[in-house]
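Below is one structure, written out as structure tokens, with a few remarks after it.
The values are calculated or read from the model by the stated rules, or taken from the named source; none is laboratory data. Nothing here was measured: the structure is a model prediction, and the numbers come from that model. In this analysis, Cβ positions are derived from the backbone assuming ideal geometry, glycine residues included, and neighbour counts consider all displayed protein chains. Areas reflect the complete protein model, heavy atoms only, side chains present, ligands, DNA and RNA absent. Shrake-Rupley method; radii C 1.70, N 1.55, O 1.52, S 1.80 Å.
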Amino acid sequence: MPQSLARCPITFAEELNMELSWVARGAASAERGRRLVELRGVTPNGYPLWEGREVAPLVDLHPEYGAVFPVLPRRTKPAVYSKAARLGLTKPRARWSDNEILRLRIYRSGTREEVLAAFPGRTWRAIGLAANKRGHRRPKSSAKTSGIPIVDQIYQRAHSLGMPLTELDAIVRSRNYFAKRRWRGKQNHGVHHRAVLALGGRLRARFEPL
């Protein structure tokens, strides 16, 4: 191979200079991005930057979030929680110990009171998230009840078939009548009839003696 076409190996010093140059370009790009955000007053996602007049009530009213949300109308609840954490107003989440992880099995069958008692200082939601993450899930709840015989029978039948109520509503074109319990406002017997037929049943009339 001619000497002119031979590739010269890159020395360690040259490779280091290339990496430092790349880091310097990245730092410069990041600085330009920060200046652009400050100039526009919004984050890259389009959310307005926090201002001092917003931070003050958050600090003063924390942890009464019910009082914080109304005075920060342009902030979503997750944004308020996140800002409170960045300001150090909330305690960092305690890590789950090995002993607690072993005890998460109780989440499968224990009552709410038993589960909470097994994890003092933990909320029901936090326990549920930790348990589900590790494969511990509670059995599905039984069919909903309404106190209306025909609606209860529809719920029980759908539950026994494993049919979600949202799917039943889609089949009978009932606009979340069963899933959102819209029968509480006004019962729709046409929807009841279509649901019974869709679930493989039939309606019968029964007259009480006069």
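Residue-wise test of (1) more than 30 Å from ARG35 (Cβ to Cβ); (2) open to solvent by 60 Å² or more (accessible area, probe 1.4 Å).
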{"site": "PRO48", "(1), (2)": "no, no"}
{"site": "GLU51", "(1), (2)": "no, yes"}
{"site": "VAL55", "(1), (2)": "no, no"}
{"site": "ASP60", "(1), (2)": "yes, yes"}
{"site": "TYR65", "(1), (2)": "yes, no"}
{"site": "LEU72", "(1), (2)": "no, no"}
{"site": "ARG75", "(1), (2)": "no, no"}
{"site": "ALA84", "(1), (2)": "no, no"}
{"site": "GLY88", "(1), (2)": "no, no"}
Any chance ALA118 is open to solvent by less than 60 Å² (accessible area, probe 1.4 Å) and over 17 Å from LEU102 (Cα atoms)
no
Every listed condition ((1) buried (at least 17 other Cβ atoms within 10 Å of the Cβ); (2) part of a loop (DSSP other than H, G, I, E, B)) holds for GLU208 save (1)
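Residues LYS91, LYS180: which one is charged (D, E, K, R), under 30 Å from LEU197 (Cβ atoms) and in a loop (DSSP other than H, G, I, E, B)?
Of LYS91, LYS180, the one residue that is charged (D, E, K, R), under 30 Å from LEU197 (Cβ atoms) and in a loop (DSSP other than H, G, I, E, B) is LYS180.
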Mind listing whichever residues of the range 154-180 are over 28 Å from the mean Cα position of the chain (by Cα) and buried (at least 17 other Cβ atoms within 10 Å of the Cβ)?
ILE154, ARG157, VAL172
Test set (1) in contact with a Leu (Cβ under 8 Å, 6 or more places away or on another chain); (2) at pLDDT below 70 - ALA28 fails condition number:
(1)
Search the range 95-122 for residues that are free of Cβ contacts under 8 Å to residues at least 60 places away in the same chain and over 17 Å from PRO139 (Cβ atoms) and pair each with any residue that is open to solvent by 60 Å² or more (accessible area, probe 1.4 Å) and not in a helix (DSSP H, G or I) when their beta-carbon atoms are under 7 Å apart and the residues are at least 6 apart or on different chains.
ILE101/ARG134
Within the range 99-132, the residues that are out of contact with any helix residue (DSSP H, G or I) (no Cβ under 9 Å at 6 or more places or on another chain), in a helix (DSSP H, G or I) and at pLDDT 85 or above are ASN99, LEU102, GLU113, ALA117, ALA126, LEU129
